[in-house]
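Please read the structure below before turning to the comments.
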Amino acid sequence: MAYLAAYDVHRAQVFGRCEAKTGIVPFMNLITQVMATEPCASAKRVFWIVDNGSSHRGKKAIDRLTTTFPNAVMVHSPVHASWTNQIEIFFSIVQRKVVAPNDFTDLTQVRDRLRAFEDRYNATAQPFQWKFTTSDLDDLLARLARHTPADRQEESSVALAA
């Protein structure tokens, strides 16, 4: 079983579904679920921020989305930058509060616990308040730019020797 979810960043609402497996069809089922609800159904544009998973990677995925939903715009997050995708924050919460400890006796229990948590989350959640500012990003990029690949290799070697 796979849990797929989308996150409305403005309303802190999760749209989730349990599917037998991952893939293009389950992903499009999730999109259809979200796009059929307001405000997405009547929105001028709906941005889908996605990672580079195989069910939504590349131009074919973009074309599939916009052919089905002309008001949808797919935006791929940079590789290794899933922390910028707010649904990943929600998945982290689910991992800690729903899935662990793994004391389920069957998949029905997993599905029921996920749905119950999603309902509770949607009733109480507030949008995430980002604390990482553009200034913080500029500082981080400047620090990274000061290091050469050789510096990073040397730092890694020192850390391994310690």
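For log10 I(q)/I(0) by the Debye sum over Cα atoms at q = 0.09, 0.10 Å⁻¹, the value computed from the atomic coordinates appears in the list (i) -0.41, -0.50; (ii) -0.54, -0.58; (iii) -0.29, -0.36 under label (i).
Dipole check for the chain: with +1 at the C-beta of Lys and Arg, -1 at the C-beta of Asp and Glu, and the Cα centre as origin, the magnitude is about 420 Debye. Taking the Cα centre of the range 1-136 as the origin and placing charges on Cβ (Lys, Arg +1; Asp, Glu -1), which of Val9, Val110, Val50 is farthest toward the positive end of the dipole? Toward the positive end, the furthest listed residue is Val50. Remark on Gln13: its backbone amide H falls under 5 Å from those of Asp8, a criterion applied only to residues 5 or more positions apart or on other chains, H modelled at 1.01 Å from N. Computed over the chain with a Gaussian network model linking Cα atoms closer than 10 Å, the most mobile of Ser135, Ser55, Ser77 is Ser135. Here the sum of -39500 (n - 2.57) over DSSP H runs of 4 or more residues, divided by the residues of the chain, equals -14500 deg cm²/dmol at 222 nm, to the nearest 500.
Extension gain, Leu144 to Gln95, is 14.6 nm, computed as 0.36 nm per intervening residue step minus the present C-alpha separation.
Using the Cα coordinates of the range 1-91, the gyration tensor eigenvalues translate into equivalent-ellipsoid semi-axes of 17, 16, 15 Å, sorted from longest to shortest. Amide H to amide H distances under 5 Å link Ala72 with Val46, where only residues 5 or more positions off or on other chains count and H is placed in the peptide plane. Exposed loop sites, defined as trypsin sites (Lys or Arg not before Pro) outside DSSP H, G, I, E and B with at most 16 other Cβ atoms within 10 Å, are absent from the longest region of the chain, namely 58-130.
Counting only aspartates and glutamates at least 8 places from Lys97 when in the same chain, those with an alpha carbon closer than 13 Å to its own are Glu118.
Ellipsoid semi-axes for the range 101-148, based on the Cα gyration tensor and the rule √(5λ), read 41, 18, 6 Å when sorted largest first. For a straight C-alpha distance cut-off of 21 angstrom, the lysines reachable from Lys21 (same-chain residues fewer than eight places away being disregarded) are Lys60.
Only the coordinates and a few stated rules stand behind these numbers; no lab work does. This is a predicted model, so every value here is computed, not measured. Here Cβ is always computed from backbone atoms with ideal geometry, including for glycine, and neighbour counts include all displayed protein chains.
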